[in-house]
Structures are given as C-alpha cells and as structure tokens.
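Visitor: My questions will all concern the structure given below.
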Amino acid sequence: MTLLILSGTGEGRRIAAELHSQGIDLIASLAGETRNPKDQIVPLRIGGFGGEEGFRRYLAEAKISAVLDATHPFASEISERSARICADLMLPYCIFARPPWTPNAQDDWTELEDESAAAQYISAGATVFLATGRKTLHRFADLSKCRLICRQIDPPDGPFPFANGEFLIGRPPFSVEDEIALFDKLKVDWLIVKNAGGAASFSKLEAARALKLKVGMIKRPERPDAPSVSSIEQAVEWGKSFG
C-alpha cells in the first residue's frame, strides 16, 4: 500500500513529512518546474508522467493505493487529469484545497477572470509587478504600454517575451519588509497575482496594502468534482487512512 502525494507546494512538503514520520509508505512527486527544489526527507520522484497513459502506467507499476493532490491551486490540468484517472481506476483521490485569499477594508483588489483581463483596468505608463510565473506571460500582451516586471525563481531560458518587460530573479520566502522595499524601489503601481492562498506568499499582498498599491487578483480555476480537504491536519488524516 503506497500513497502518492502530488506535491510542489509548501503544504505538500509538510503533509508528506508528517505522514512519513508516522511510518506511512509514500512517494512525493514534483513536476520539475523548479530547477533546484527544496530537499525533502521522503521518497521523491521528479518530472512528468508522460501524459495520461504514462500516469496510468505509473500508478499500476508503483502499486499506488491512493492519490493525495497537493499541487498548486492553479495546476488545474494536473488535478483534472488525476481526478478523472483515479475515478476510472476506482483509486481513492483527495485534493488539498487551501482557502483562497480575501481582501479587507485596507486592500484595493480587482478580481480578474484571467491574465488577459488586466489590460481592462491598468492605464498606460503603469509599472506592473507580475507575480504570476513565466508560463502565462503571453497573456499580458495587451499591456504593451506598461513597464512589466516578472519575478521567478530560476534564471530565464530566454528573453522576456515583450520589449517592455524584464525578469527579476528571487527565491522565496520574502519578508513583508523586503517586499515593501522592492516595490518602493521599482515604483510599482500594480501587483498582479494568482489567488493561490496560503501564508507563504502573502507577504507581497501585505506589502501592497502598506503601500496602497492596486492589486489584480486572478480567480482560481474550478476544482475537480472530487473529495477535498482544506487543512494540513485533514490531509494527514486522510493520508493515514490509505497509506
């Protein structure tokens, strides 16, 4: 009986470590998006499964008894595929869905359906800090009259896709004080983020609040119609039942 944890988040690492400490037989899987992921004390595999058929084959060959999906809330394709295949195979599946962020009275947030919607609200000449990752940069093409700054963990493989943009390399965690200093130095007008939730990356939103910056908050994609938990404790309890 082996539990597969689809990880890639801080909560995924914590869930895996806690289950491992309790003697649960598990494997944590990372997609391999980050070149130098943080060390983990659990058995680890890195890289994709080779599509749907590859995932089915891996589940059978590794004798996986259940799948706990602790991927990023915006990794919707992975979650949809995993939920569908596990349902086909009658394999227990659960998604860890951390609560989304919500604004308070001091925040100036605009909810965005997706990245391309940002151009409806941001004026020409604005400096826009994109904390959204490199994969969706092409969706900001309509912000051609703004200065764009995209932060990512690893150095880029190529140039910024637009002449009006630049990459900024930084590895989290970032303190609120560091984020305030950075946004102030860059003269940021807008912060664009995905509503990932969680405490690890909330510091940039606290910094935006302190500086009274406008925030474009990209809505989460719909979750699969599958069992879910919203806390690490609940995820650990679920994992203990199948590991």
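Visitor: Of these, I180, I218, which one is more than 21 Å from G10 (Cβ to Cβ) and surrounded by 14 or more Cβ atoms within 10 Å (Cβ to Cβ)? Give the derivation first.
Guide: On the way: I218 fails: more than 21 Å from G10 (Cβ to Cβ).
Step by step, each of I180, I218 is checked, and only I180 is more than 21 Å from G10 (Cβ to Cβ) and surrounded by 14 or more Cβ atoms within 10 Å (Cβ to Cβ).
Visitor: When L68 is evaluated against the numbered criteria (1) of a type in the set (A, V, I, L, M, F, W, C); (2) open to solvent by less than 50 Å² (accessible area, probe 1.4 Å); (3) over 22 Å from E233 (Cα atoms), which criterion, by number, is the only one it fails?
Guide: That leaves (3) as the condition not met.
Visitor: Continuing with the same structure: Which residues, taken from the stretch 145-172, are out of contact with any Phe, Trp or Tyr (no Cβ under 9 Å at 6 or more places or on another chain) and open to solvent by 80 Å² or more (accessible area, probe 1.4 Å)? Spell out how you get there, then give the answer.
Guide: Kept after step one, since they are out of contact with any Phe, Trp or Tyr (no Cβ under 9 Å at 6 or more places or on another chain), are these residues of the stretch 145-172: 145, 147, 153-154, 157-158, 163-164, 169-172.
The answer is K145, R147, D157, A163, I169, R171.
Visitor: A further question on this structure: Give me the residue from the stretch 46-65 that is part of a loop (DSSP other than H, G, I, E, B) and in contact (Cβ under 8 Å) with a residue 40 or more places away in the chain and, out of that set, most open to solvent (accessible area, probe 1.4 Å). It would help to see each step written out before you state the result.
Guide: Going through the stretch 46-65, the residues part of a loop (DSSP other than H, G, I, E, B) turn out to be 47-50, 62-63.
Checking which are in contact (Cβ under 8 Å) with a residue 40 or more places away in the chain leaves us with 62-63.
Working: A62: 27, K63: 147 Å².
For the stretch 46-65, the residue satisfying everything is K63.
Residues checked against (1) open to solvent by 70 Å² or more (accessible area, probe 1.4 Å); (2) among the aromatic types (F, W, Y):
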| residue | (1), (2) |
| --- | --- |
| C86 | no, no |
| Y121 | yes, yes |
| T132 | no, no |
| F174 | no, yes |
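Visitor: Something else about it: Mind telling me which of the residues S116, S82 ends up being among the polar types (S, T, N, Q), open to solvent by 30 Å² or more (accessible area, probe 1.4 Å), modelled with pLDDT of 95 or more and not in a loop (DSSP other than H, G, I, E, B)? Before the answer, list the steps.
Guide: Values: S82 fails: open to solvent by 30 Å² or more (accessible area, probe 1.4 Å).
Answer to the selection: S116.
Visitor: Only one of P73, P103 is open to solvent by 10 Å² or more (accessible area, probe 1.4 Å), out of contact with any helix residue (DSSP H, G or I) (no Cβ under 6 Å at 6 or more places or on another chain) and modelled with pLDDT under 95. Can you tell me which?
Guide: Working: P103 fails: modelled with pLDDT under 95.
Criteria check complete, one pass: P73.
Visitor: Let me ask something else. Would you check which residues across the stretch 183-200 are open to solvent by 40 Å² or more (accessible area, probe 1.4 Å) and under 25 Å from V229 (Cα atoms) and list them? Break it down into steps so the answer makes sense when it comes.
Guide: So the first thing to find is which residues in the stretch 183-200 are open to solvent by 40 Å² or more (accessible area, probe 1.4 Å), and the list is 184-185, 187, 189, 194, 199-200.
K194, A199, A200 - these are the residues of the stretch 183-200 that are open to solvent by 40 Å² or more (accessible area, probe 1.4 Å) and under 25 Å from V229 (Cα atoms).
Visitor: Can you run down the residue pairs with Cβ atoms below 6 Å, 6 or more apart or on separate chains, where the first is in the stretch 74-91 and within 12 Å of P227 (Cα to Cα) and the partner is among the hydroxyl-bearing types (S, T, Y)?
Guide: A83/Y93; C86/Y93
Visitor: Name the single residue that is surrounded by the most Cβ atoms within 10 Å (Cβ to Cβ) among those in the stretch 201-215 being touching a residue at least 60 places away in the same chain (Cβ under 8 Å) and out of contact with any Asp or Glu (no Cβ under 8 Å at 6 or more places or on another chain). Give the derivation first.
Guide: Of the stretch 201-215, the ones touching a residue at least 60 places away in the same chain (Cβ under 8 Å) are 201-202, 204-205, 208-209, 212-215.
Subsequent filtering for residues that are out of contact with any Asp or Glu (no Cβ under 8 Å at 6 or more places or on another chain) retains 201-202.
Working: S201: 18, F202: 14.
Step by step, filter the stretch 201-215, then rank; the result is S201.
The values are calculated or read from the model by the stated rules, or taken from the named source; none is laboratory data. Only a predicted model underlies this, so the values are computations on that prediction, with no experimental measurement involved. Reconstructed Cβ throughout: ideal geometry from the backbone, glycine too, with neighbour counts over all protein chains shown. Accessible surface is based on the protein model in full, side chains and every heavy atom, while ligands, DNA and RNA are left aside. Shrake-Rupley method; radii C 1.70, N 1.55, O 1.52, S 1.80 Å.
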